[in-house]
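First the structure, in the form of structure tokens, and then the observations on it.
The values are calculated or read from the model by the stated rules, or taken from the named source; none is laboratory data. From a predicted model like this one, the values you see are computed outputs, not experimental measurements. Every residue, glycine as well, gets a Cβ built from its backbone with ideal geometry; the counts of neighbours run over all protein chains shown. Just so you know, the surface numbers come from the protein's heavy atoms only, side chains and all, with ligands and any DNA or RNA stripped out. Shrake-Rupley method; radii C 1.70, N 1.55, O 1.52, S 1.80 Å.
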Amino acid sequence: MQKEFSGIFEVASVVKTLALCVLTIGSYLIYKLYLFSKQINKHTSLKISTVFMKTAIILFTFSLGSLIYGLINFHDPAVLQSSIGIHAISSIFDVTWIIMVRNRINLITGATKGDKLWLNPFITSIFHVIYMQHKINQGLVRSTI
């Protein structure tokens, strides 16, 4: 049974999503994951833990901050070396969050491998929220026809 995105997600520009993800050094990615998660939590029983989301956001913030600090102090490689752990942990949380959102979107649509709205794991792993927004837009356009 094919379900719809209407009432859960909204149409948004994929080009804008891409540009903001790049221009904000990934911060917009985290914002979109949070936004998708809040929409999923509000409109479905497929909850994503608020504690998990907040932890991922805090880890990303520390990771990004330490990366910027390390780049400012590039002459001291010890600064970047000392932050490798936080980057690894933050990356694990980010990837886990992307997978959680992807799986829930597939459950919401009832999509399975090969369906038009199915979020391919390989493409999702590369394009994250950009690809998710593209599929959401497809689903919303499809539901208005």
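Points worth noting:
- Leu29 being under 13 Å from Gln133 (Cα atoms), open to solvent by 30 Å² or more (accessible area, probe 1.4 Å) and either modelled with pLDDT under 95 or within 13 Å of the chain's Cα centre (by Cα) (or both): no
- Scanning the range 73-96 for residues that are part of a helix (DSSP H, G or I) and over 27 Å from the mean Cα position of the chain (by Cα) yields a count of 3.
- Candidate set: the range 76-111, residues that are of a type in the set (Gly, Ala, Ser) and surrounded by fewer than 18 Cβ atoms within 10 Å (Cβ to Cβ); chosen: the one farthest from Ile123 (Cα to Cα): Ala78
- In the range 16-33, the count of residues that are touching a Lys or Arg at 6+ places or on another chain (Cβ under 6 Å) and not in a helix (DSSP H, G or I) is zero.
- Checking the stated criteria, Ser27 turns out not to satisfy the condition of being touching a His at 6+ places or on another chain (Cβ under 8 Å) and more than 25 Å from Gly139 (Cα to Cα).
- Count of residues meeting criterion [of a type in the set (Gly, Ala, Ser) and modelled with pLDDT of 95 or more] in the range 32-52: 2
- Any hit, the range 120-138, residues being without any contact (Cβ under 8 Å) to a residue 24 or more places away in the chain and part of a loop (DSSP other than H, G, I, E, B): yes
- Residue within the range 10-25 that is under 18 Å from Ile126 (Cα atoms), charged (D, E, K, R) and open to solvent by 40 Å² or more (accessible area, probe 1.4 Å) present: yes
- Unique residue being closer than 25 Å to Arg142 by Cα and open to solvent by less than 60 Å² (accessible area, probe 1.4 Å) when the list is Phe36, Phe60, Phe52: Phe36
- Ile68 open to solvent by less than 60 Å² (accessible area, probe 1.4 Å) and either of a type in the set (A, V, I, L, M) or not in a loop (DSSP other than H, G, I, E, B) (or both): no
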